[in-house]
Amino acid sequence: MFLNDNLKLFSGSSNVGLAMAVCKYLGLPPGGAKIERFADGEKLIRIEDDVRGRDCFVVQSTCKPVDEHLVELLIFLDCLRRASASRITAVIPYFGYARQDRKDEGRVPITAKLVANTITTAGADRVLAIDLHAAQVQGFFDIPVDHLCGELVLSRYFKDKKISNLTIVSPDVGNMKIASRYVERLGGELAIVHKKRLSGSEAIAQEIIGDVKGRNIVMCDDIIATAGTICSAAKLAKERGAEKIYIGATHGVFAGQALERLKEAPIDEIVVTDTIPLTPEAQKCGDIKVLTVSSMLGEAIKRIHRNESVSNLFIEH
Ligand code: R5P
């Protein structure tokens, strides 16, 4: 494409497919690195390219196994720092631990802040992330963060489907802003679900504010973890007379009972992005469509490298 020897992009082991697709977008070979293990299980990473004075990017989603991928990212960052890279950007398509972002009861941690601190201490100069669960998590980093939204990719997909009688449904209050941006991009009406969370894996949709009767629905969320949130919201929407129900979520974690719940829910289509590779169980399920964020990430990396605006990426031309 355009790039010179000054930009290097490395891949951790969590999402090699996405990292390779980003390299392809940029017309770059992946940076050479060997990830090995000592007999006791500790990881050793060796960077095989000369990175002195280079602008380096490491792509690593801190998805399952979360702690292992996180530590691998930290080791990568340390490695690049000690090899004298001039600038290091941690590209974190999915940032695990983001949801513990406040003390909502006594004696619990704020892992989003803790993990942000460790990434900075390990050597990151910047972070490029997608849907950090809450935009304010950006403030947990004392380094610049470029925050991309999966909505850009997902809303284009739904726009191309030209869905009639459309209502965009936010499955909880936290997602309201994103849902209203979908309305700006796709048109249609807006509805919101009042959700009560019973535990980490149980959520109940209690009420829908807005009209869903006889309407086709796009329900958007940042993450499907146990799928309690969207399945409960989809059931309630169906009870209230919704026609087709489409789900668009950036991060397809699919943990716990997610796949069983999704099979039973009145959902016509589920679309996620490749910020996390689909688990083999989710792949077997066959009903989950995956869109790639590689061009969006690649374009953001190109712009960061060239010191150009990343915000402009979000303006539809
Ligand atoms: C909640 O604030 C998030 O936006 C998601 O709705 C939630 O984390 C999804 O989790 P689950 O799929 O386990 O209900």
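If the requirement is being exposed (fewer than 14 other Cβ atoms within 10 Å of the Cβ), touching a helix residue (DSSP H, G or I) at 6+ places or on another chain (Cβ under 8 Å) and in the same structural domain as residue 96 (by TED's automatic domain parsing), which of these qualifies: 52, 46?
On the way: 52 fails: touching a helix residue (DSSP H, G or I) at 6+ places or on another chain (Cβ under 8 Å).
It is 46.
How many of the residues in region 118-141 are touching a strand residue (DSSP E or B) at 6+ places or on another chain (Cβ under 7 Å), without any contact (Cβ under 8 Å) to a residue 60 or more places away in the chain and not acidic (Asp, Glu)? Spell out the reasoning first.
Going through region 118-141, the residues touching a strand residue (DSSP E or B) at 6+ places or on another chain (Cβ under 7 Å) turn out to be 119, 123-133, 135, 138, 141.
Still in the running and without any contact (Cβ under 8 Å) to a residue 60 or more places away in the chain: 119, 123-125, 127, 129, 132, 135, 138, 141.
From what is left, the residues that are not acidic (Asp, Glu) are 119, 123-124, 127, 129, 132, 135, 138, 141.
Matching residues across region 118-141 total 9.
Can you tell me which condition residue 162 does not meet? The list is (1) more than 25 Å from residue 241 (Cα to Cα); (2) without any contact (Cβ under 8 Å) to a residue 12 or more places away in the chain; (3) part of a loop (DSSP other than H, G, I, E, B); (4) not acidic (Asp, Glu), and all the others hold.
(1)
Do we find a residue being without any contact (Cβ under 8 Å) to a residue 60 or more places away in the chain, within 15 Å of the ligand (Cβ to nearest atom), in a strand (DSSP E or B) and under 20 Å from residue 178 (Cβ atoms) anywhere in region 231-245?
Checked against the condition, which is being without any contact (Cβ under 8 Å) to a residue 60 or more places away in the chain, within 15 Å of the ligand (Cβ to nearest atom), in a strand (DSSP E or B) and under 20 Å from residue 178 (Cβ atoms), region 231-245 yields no hits at all.
Among the polar types (S, T, N, Q) and in a helix (DSSP H, G or I) - does that describe any residue in region 133-143? I'd like the intermediate steps shown before the answer.
The first filter runs over region 133-143 and keeps only residues among the polar types (S, T, N, Q), leaving 136, 138.
Narrowing further to those that are in a helix (DSSP H, G or I): 136, 138.
Scanning region 133-143 turns up at least one residue that is among the polar types (S, T, N, Q) and in a helix (DSSP H, G or I).
State which residue pairs qualify: first residue closer than 23 Å to residue 153 by Cα and inside region 277-289, second residue modelled with pLDDT under 95 in any location, beta carbons under 6 Å apart, and separation of 6 or more residues or different chains.
Within 6 Å, the pairs are 288/282.
Go through region 191-220 and count every residue that is away from the ligand (no atom under 12 Å from the Cβ) and at pLDDT 95 or above. So that I can check it myself, show each step before the final result.
Filtering region 191-220 for residues away from the ligand (no atom under 12 Å from the Cβ) gives 191-192, 194, 206-218.
Next, from what is left, pick out any that are at pLDDT 95 or above: 191-192, 194, 206-210, 212-218.
Within region 191-220, residues that are away from the ligand (no atom under 12 Å from the Cβ) and at pLDDT 95 or above number 15.
Being outside the structural domain of residue 93 (by TED's automatic domain parsing), in contact with a Leu (Cβ under 9 Å, 6 or more places away or on another chain) and either within 15 Å of the ligand (Cβ to nearest atom) or within 25 Å of residue 162 (Cβ to Cβ) (or both) narrows it down to one of 188, 256, so name that one.
On the way: 256 fails: in contact with a Leu (Cβ under 9 Å, 6 or more places away or on another chain).
Just one listed residue meets the conditions, 188.
Every residue, every condition in (1) more than 16 Å from the ligand (Cβ to nearest atom); (2) not in a strand (DSSP E or B), yes or no:
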position	(1), (2)
223	no, no
249	no, no
266	yes, yes
278	no, yes
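If you take the residues of region 242-265 that are of a type in the set (Gly, Ala, Ser) and under 20 Å from the mean Cα position of the chain (by Cα), which of them is nearest to residue 217 (Cα to Cα)? First the steps, then the outcome.
Within region 242-265, the subset of a type in the set (Gly, Ala, Ser) is 242, 248-249, 252, 255-256, 258, 265.
From what's left, under 20 Å from the mean Cα position of the chain (by Cα): 248-249, 252, 255-256, 258.
Values: 248: 10, 249: 14, 252: 19, 255: 24, 256: 26, 258: 20 Å.
Here the residue is 248.
The values are calculated or read from the model by the stated rules, or taken from the named source; none is laboratory data. Note that the structure is predicted; figures quoted are calculated from it, not measured. Glycine gets a Cβ as well: all are built from the backbone with ideal geometry, and neighbour counts include every protein chain shown.
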